[in-house]
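The values are calculated or read from the model by the stated rules, or taken from the named source; none is laboratory data. What you see is a predicted model, and the numbers here were worked out from it, not measured in a lab. Every residue, glycine as well, gets a Cβ built from its backbone with ideal geometry; the counts of neighbours run over all protein chains shown. The protein model used for the area step is the full one, side chains on, heavy atoms only, and it has no ligands, DNA or RNA in it. Shrake-Rupley method; radii C 1.70, N 1.55, O 1.52, S 1.80 Å.
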Amino acid sequence: MKVPAVLLLTATLALSGCARNDSAATDAPVVSPAAARAAELAASKDPYAPLMRAVFGDDYLPARGHAVEGIGDPDTFQKAYAPIYTGATSTRLPSGETVLVVTSMATDENGDENPALPDPGRLSIYVLRQQGGQWNLVRRHDDVAQLGRVGFVGDLRWVMPGQGRPVLAVEHHESGQGYRGTWLSLFDPSKEKIVDLTGSGIMTESDSTGACPAATHCWSARATWRFEPAANAAAYDDLVLTITGDEDDVADDKAGEPSEDSDPVPAPAKKHSLAGTARYVFQDGSYRLRDGANTLPSF
């Protein structure tokens, strides 16, 4: 039986089409895991992605811009309460090494960021060096401090308090029952052991207005701070606070004499200034008050 030419042509085209598709599937490029990770880093919007990968390895998730402790090993990963790490800032040391500052917070039973009010933020510092296009971890300082509340470490910036070395300044905040306060902590990432150079923080702001007028002692004051050259050969410049603000000593409602048909008349509040200066010098491993007074009320 003779097959029509049209059918033969159709069959030939169909077979050739199948052959082309099979060939295309067979020739598809195979992407190696290393190439896939490099592509993820390149596509990440996290400016610290290469540094974070060098520190946390497969625990770092470039698409999310943070690392999740243990997630790089899916066979043993426990999602509940796994800390989340996020790159916060970086700088370069005179030695040529790069410093990466990472903040972290705990998570809830579902692995979501949901710290409780009293939970501090955690501060970690890592020192890296780039060699042959690769970042290598030189020193790691996990959890050098726990600061702030609600998982938030505070406000970070780099300062230069002498000898050309950058120091990390952290202004961390606490609040509760209408009271607010801010403390300054300082960390030198060039040290083999990193500690708070202020000891346990120096208060730079204090406010009780949220507790007033119910409170009998109300105030609002803050300090601006700066570094000035040290008079002696100290490792760091002097830290100088300039304090502004005032406080009221509110008298008891029963202090005044009542009229026949009115409530007791409170005595007027006594207002006085909290203005002043305080100079801290670096001595015996930490900043210590030398001149003036830190007039910010504690709570």
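Yes or no, residue by residue, for (1) under 22 Å from GLY154 (Cβ atoms); (2) surrounded by 16 or more Cβ atoms within 10 Å (Cβ to Cβ); (3) touching a residue at least 12 places away in the same chain (Cβ under 8 Å); (4) in the same structural domain as ARG165 (by the TED database):
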{"position": "ASP75", "(1), (2), (3), (4)": "no, no, no, no"}
{"position": "GLN78", "(1), (2), (3), (4)": "no, no, no, no"}
{"position": "THR89", "(1), (2), (3), (4)": "yes, no, yes, no"}
{"position": "VAL99", "(1), (2), (3), (4)": "yes, yes, yes, no"}
{"position": "GLY111", "(1), (2), (3), (4)": "no, yes, yes, no"}
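Results for (1) assigned to a helix (DSSP H, G or I); (2) within 22 Å of GLU174 (Cα to Cα), shown as yes or no for each residue.
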position: PHE56; (1), (2): yes, no
position: ARG64; (1), (2): no, no
position: GLY72; (1), (2): no, no
position: SER90; (1), (2): no, no
position: THR103; (1), (2): no, yes
position: GLU109; (1), (2): no, no
position: ARG122; (1), (2): no, yes
position: ILE125; (1), (2): no, no
| said: Suppose we filter the stretch 127-164 for residues that are touching a helix residue (DSSP H, G or I) at 6+ places or on another chain (Cβ under 9 Å) and either outside any strand (DSSP E or B) or not assigned by the TED database to the domain that holds PRO94 (or both); how many remain? | reply: 0
| field | Candidates ALA63, ALA39, ALA43, ALA49, filtered to the one that is open to solvent by 100 Å² or more (accessible area, probe 1.4 Å) and modelled with pLDDT of 75 or more | value | ALA63
| request: Looking at (1) over 21 Å from VAL144 (Cβ atoms); (2) among the hydrophobic types (A, V, I, L, M, F, W, C); (3) at pLDDT 95 or above, find the lone condition where ALA211 falls short. | output: (3)
| message | Given the options SER262, SER220, name the one that is open to solvent by less than 70 Å² (accessible area, probe 1.4 Å), over 30 Å from ILE125 (Cα atoms) and either modelled with pLDDT under 95 or of a type in the set (D, E, K, R) (or both). | response | SER262
| remark: Checked the stretch 182-200 for anything in contact with a His (Cβ under 7 Å, 6 or more places away or on another chain) and open to solvent by less than 20 Å² (accessible area, probe 1.4 Å); matches are THR182, SER185, ILE194
